1. Which value at 222 nm does the chain reach when only helices count, each DSSP H run of 4 or more adding -39,500 (n - 2.57), with the total divided by all residues and rounded to the nearest 500 deg cm²/dmol?
2. Excluding same-chain residues fewer than 8 positions from residue 92, which lysines have a Cα within less than 21 Å of its Cα?
3. May I ask for the distance between the Cα centers of the range 480-502 and the range 79-121, given as a whole number of Å?
4. Along the Cα-to-Cβ line of residue 223, 7 Å from the Cα, sits a label point; which residues in the range 188-212 have backbone N less than 19 Å from it?
5. How large is log10 I(q)/I(0) at q = 0.09, 0.11, 0.12 Å⁻¹ when the Debye formula is applied to the Cα atoms of the chain, each weighted equally and without solvent?
6. Could you run the Karplus curve 6.51 cos²θ - 1.76 cosθ + 1.60 with θ = phi - 60° over the range 248-254 and give me ³J(HN,Hα) per residue in whole Hz, x for Gly and Pro?
7. Of the beta bridges DSSP finds with both residues in the chain, what % are antiparallel, to the nearest 5?
8. Below 8 Å between Cα atoms, with a sequence gap of 6+, how large is the relative contact order for the range 222-314 in percent?
Amino acid sequence: MKILILLYLLFSSVQTFSQDYTFGMKVTRDELKTTVYQKDSTANALTIYDYGSASFNKETFWLNIEYKQKVKILTTDGLNRGEIEIPLYRNKSSKESIKDIKAMTYNIENGEVIISKISPEAIFKDESTKNWTIVRLVLPNVKVGSVITYSYTKSTSFINKFEPWYFQGQDPVLYSEYNTSIPGNYEYNIKLVGSIPLFSQENDIDYYCLEAGRGASANCAVTKYIMKNIPAYKDENFTTTRNNYLSHIEYELSVIRHFDGQIEKLTKSWDDIDKDMKGDPNFGRLLNRKNAVKDLLPKTITDIPEQLEKAKAIYQFVLDDYRWNNKYGRYDASTKRLIEDKSGNAYELNIFLENLLSSQDFEVYPILISTRDNGLATKVYPVNTDFNYMILKTIIDEKEYFIDATDPYLAFGELPYRCLNQYGRLFDFKYASYWEDIVPKNYSAYQISAKLELNDNNLLSGVIKNKSTGYVSYDIREAYYENPSQYLERLKNQYAQINIKEHRITSLSKNSTSFDEELNVILEDEFIGNKVYLNPFLIKFYSENPFKLQQRTYPIDFGYKQSYSYVLEIDLKNKLKVIELPEKMTLALPNKTGSVLFSFNSNENKLSIFMRIKFDKPIYGAEYYEALKNFMSKVVEIQNNIIVVLEKQ
């Protein structure tokens with residue numbers, strides 16, 4: 001009997017769900033009556049049905065893409081889904097076109113289903129953006145509770161990327177289907193991006209799908225891709241560009257087999273790329289040009305006997321005498337122009353640094369990378385256009401260093417944060433290029449050490465020493481050296497419970513490996529009677545939990561490993577007595593990938609409080625999200641809510 005009841009409940013839930021939503025363009029009353037998507041109560045809209053079909057026109061050989069979509073509006077923030085933007089690419093030789101536009105809004109009014117169709121006057125074209133025409137559809141009568149449907153067909157002659165398909169977007173999607181028909185003339189590299197698996201994939205062959213003169217023909221590979229129950233992609237901190245993780249299919253045309261028998265290879269092998277890059281006037285021919293930088297380095301640098309110190313001096317020479325113009329660059333590079341102007345793009349600066357190091361016989365290699373905001377470079381097959389930046393790797397005394405000459409706040413061996421995108425392609429023209437992992441080996445750390453005692457005015461006072469290294473220190477370092485007085489003012493406002501009487505910097509320079517500062521402080525906490533209730537965390541690492549999503553489908557990419565430590569010592573000196581202490585706590589992330597430790601030690605003379613937070617991975621998979629979210633909640637709770645009670649003796 002229990003089994004029958006369970007089967008009945010399961011069957012009922014499936015039936016109810018299927019009654020609420022219909023996979024197709026038909027709009028039902030159940031869909032109109034639905035007010036919330038229970039799997040994501042924060043959703044502003046719900047894509048019920050998403051359909052695409054891409055195939056080549058038999059007469060023009062252009063690619064035709066048919067789109068259909070049905071969307072439920074759930075909140076006022078979802079009303080803008082009723083304004084659809086369709087981008088059409090154009091250049092001097094060709095332009096994309098659109099036809100068969102249909103769009104309707106469905107509402108229930110007084111118990112009746114009311115259908116409002118889009119009028120021609122509500123379809124706009126905007127050609128103000130270079131190379132793009134934006135077609136805008138403004139659907140009528142869109143309100144909370146509406147269901148909208150729209151469809152159109154796009155035609156294009158730009159087939160190198162075929163037509164990528166995005167299963168995932170800003171709203172949850174119940175059903176997404178993409179159908180493709182690709183003639184045997186065209187061979188594409190096809191890549192499924194994102195962590196969400198396909199629900200199904202069906203493959204077939206359509207014989208003689210394209211025909212040319214003299215009996216020539218081609219068969220088409222027909223594929224149907226389906227995903228279901230796709231969560232919305234919601235932006236949050238600690239990630240790279242969303243295109244790295246949005247679930248989608250992308251294409252790269254690799255081979256064209258013409259009907260006359262000619263074969264045109266578009267995607268090359270890495271061996272081919274290596275040969276091309278070696279002779280490239282914007283790459284290989286600019287490298288190792290010792291004569292181009294002859295006599296530029298002063299004798300005080302060239303005479304340095306120790307290799308690492310000499311390399312650091314050359315690096316500093318470039319930072320001091322040449323400025324980055326905030327552009328990445330890649331083509332039309334000129335070290336000659338850089339030398340004359342004392343300014344250039346990142347590509348030119350790093351080529352110049354390579355020339356200088358090579359002139360002093362350092363082993364140095366260029367690495368092409370894709371920055372964090374540009375997406376991950378494709379590893380499956382060579383796509384030279386994936387790279388938008390260049391850094392260097394040098395090997396000194398068998399130790400490897402990654403370097404970049406654009407930022408005066410970075411020490412030798414540190415890369416700009418924008419470059420921490422997992423890997424790059426290193427070019428060694430004596431042998432071959434290969435993928436090089438670009439992950440900082442050292443922890444970026446923030447250490448706070450505070451020592452307090454009760455002064456003659458019955459206030460706790462003392463010294464706080466802050467030491468930050470690596471990427472944790474970058475923003476602090478830049479803020480101070482850009483404007484020291486503003487930095488101090490910000491500190492005073494940020495730590496309102498602390499009266500900063502004196503502030504000094506003890507690190508040597510703005511690109512030292514660490515940023516060190518000391519603060520002489522008096523706490524504003526006052527005694528209530530003979531007792532003071534003290535939050536021991538005078539400076540907090542995290543004031544709130546950065547992780548707030550119900551679900552996250554993409555990795556948590558810090559870019560580097562992190563370590564935070566906090567030590568507070570209060571000299572009791574027979575003046576104070578500890579009345580109440582919190583409990584000690586220890587918490588670990590799964591697989592020993594991180595930890596938080598809170599402890600204390602107390603005797604008649606001294607109270608010591610210690611906290612350490614460690615993130616042992618630069619990147620955590622999406623499966624760690626819930627654990628990280630709980631972990632950070634505990635960290636914030638400890639810092640905000642811990643109270644120590646002291647009493648005057």
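The values are calculated or read from the model by the stated rules, or taken from the named source; none is laboratory data. Keep in mind it's a predicted model, so treat the numbers as computed, not measured. Neighbour counts are summed over all protein chains in view; Cβ atoms, including those assigned to glycine, are modelled from backbone coordinates with ideal geometry. Protein only, heavy atoms only, side chains kept; ligands, DNA and RNA dropped before computing areas. Shrake-Rupley method; radii C 1.70, N 1.55, O 1.52, S 1.80 Å.
1. -5500 deg cm²/dmol
2. Within the straight-line cut-off, residue 92 pairs with 125, 130, 154, 161.
3. 54 Å
4. 188-210
5. Here log10 of I(q) over I(0) equals -1.02, -1.24, -1.31.
6. Karplus-based 3J(HN,Hα) across the range 248-254 equals 7, 10, 10, 10, 9, 5, 10 Hz.
7. Close to 90 percent.
8. Once divided by the residue count of the range 222-314, the mean separation gives 10 percent.
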